[in-house]
Amino acid sequence: MSRVSMADVAAHAGVSAQTVSRVVNASPRVDPVTRARVEAAMAALGYRVHRAAQALRTGRTRTIGLVVSTLASVGNSRMLQAIAEAASARDYALAIVTVAGSRDIADAFARLREQGVDGAVVLNEATRLARDSAPPAGLRLVVVDSPADDRFAIVQTDHAAGARAAVAHLLERGHPTVHHLAGPRSSFAAVERERGWQEALADAGAPVAEAVRGDWTSASGYAAGAALGAASAVFVANDQMALGLLRALADAGRSVPDDVAVVGFDDVVDAAEYRPPLTTVRQDFDALGTRAVEVLVGLLEENAEVGRTEVPATLVVRASS
């Protein structure tokens, strides 16, 4: 079967081939009714955009990159899914590269350039590497979770506000203070959650104990149990560490929430199945991924200015607090 052409689509829609070309290239010079008719004709005929030819005409490949240090974490895997779906909905292809160290970020950008990407999203742990490097000129970037940087746009969860909500919830239940099981200092998200915890305690005039630090894993949460054994309330920087802490407390004969109230962060899929079900701050990974693509497309198609976009975090109260 021969490939469906723009001429075929034009004949089916009753418009000129030039109009079809404008629709394919997202030109604003097509009225909505005509655009809808052309898109319906494309769908009916099974027309597929010839990306190589389009790139020659426009200088753009309609491909965006994703730079990530790991896809093993819950947040990164969920954001990957959301990014892939959001890109596809806007007719963009997705190219993924992984980095493992500071020497690799330049290689990652170079590989994306070789694939002709128009721009890229950089996720979480890889953002520190992006900040410490010099991205290729002309490569538009959106980073997820980063301090302010005028070289790229930023999309982030409002980590500090989520942490403040968690601490306020525990203080409202009569706890004199709230201890904190923090994430690694190298993580922007961990630093922001720790800041929110400190601010909430300071605002309430509550004592601020030294944070106990983990590495995001449930094993580090379990190891922190000994240092948090005397606490009556603990805000944990992520749900996986909270899971380890729950087991450590159970092994020590301490009941949650009767002896110790625990609140996590992320609201992973299984958080409601912990024993007891975990109170946590829900991070909307789907919204983060979708918004990152929306911001990047705005940079590419509308030459929008770089800025910061925050996605709210929501407290979900369950039995652990």
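Please work out if Gly221 is within 15 Å of Ala248 (Cα to Cα), in contact with a Leu (Cβ under 6 Å, 6 or more places away or on another chain), outside the structural domain of Asp132 (by TED's automatic domain parsing) and not aliphatic (A, V, I, L, M).
For Gly221, the condition - within 15 Å of Ala248 (Cα to Cα), in contact with a Leu (Cβ under 6 Å, 6 or more places away or on another chain), outside the structural domain of Asp132 (by TED's automatic domain parsing) and not aliphatic (A, V, I, L, M) - is met.
In segment 44-75, which residues are touching a strand residue (DSSP E or B) at 6+ places or on another chain (Cβ under 9 Å) and either basic (Lys, Arg) or at pLDDT 85 or above (or both)?
Passing the criteria: Arg51, Arg62, Thr63, Ile64, Gly65, Leu66, Val67, Val68.
Would you say Val268 is modelled with pLDDT under 95 and under 30 Å from Gly119 (Cβ atoms)?
yes
Tell me which residues, restricted to segment 1-20, are at pLDDT below 85, farther than 18 Å from Val33 by Cβ and out of contact with any Leu (no Cβ under 9 Å at 6 or more places or on another chain).
Passing the criteria: Met1, Ser2, Arg3, Ser5, Met6, Ala17.
Find all pairs meeting these conditions: Cβ atoms under 7 angstrom apart; at least six residues apart or on different chains; first residue within segment 126-137 and under 14 Å from Leu66 (Cβ atoms) and buried (at least 17 other Cβ atoms within 10 Å of the Cβ); second residue modelled with pLDDT of 70 or more and among the acidic types (Asp, Glu).
What qualifies is Thr127/Asp145.
Where the second residue is surrounded by 23 or more Cβ atoms within 10 Å (Cβ to Cβ) and polar (S, T, N, Q) and the first is within 20 Å of Arg164 (Cα to Cα) and lies in segment 212-240, which pairs have Cβ atoms under 6 Å and are six or more apart or on separate chains?
Note: pairs meeting the criteria are Trp216/Asn238; Asp239/Thr280.
A quick yes/no check of all residues on (1) of a type in the set (Lys, Arg); (2) surrounded by fewer than 24 Cβ atoms within 10 Å (Cβ to Cβ); (3) at positive phi; (4) modelled with pLDDT under 90:
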{"residue": "Leu123", "(1), (2), (3), (4)": "no, no, no, yes"}
{"residue": "Val155", "(1), (2), (3), (4)": "no, no, no, no"}
{"residue": "Ala161", "(1), (2), (3), (4)": "no, yes, no, no"}
{"residue": "Leu171", "(1), (2), (3), (4)": "no, yes, no, no"}
{"residue": "Gly174", "(1), (2), (3), (4)": "no, yes, yes, no"}
{"residue": "Phe188", "(1), (2), (3), (4)": "no, yes, no, no"}
{"residue": "Ala200", "(1), (2), (3), (4)": "no, no, no, no"}
{"residue": "Gly205", "(1), (2), (3), (4)": "no, yes, yes, no"}
{"residue": "Ala209", "(1), (2), (3), (4)": "no, yes, no, no"}
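The values are calculated or read from the model by the stated rules, or taken from the named source; none is laboratory data. Everything quoted here is computed from the prediction, not taken from an experiment. So basically every Cβ, Gly included, is an ideal-geometry build from the backbone, and we count neighbours across all protein chains shown.
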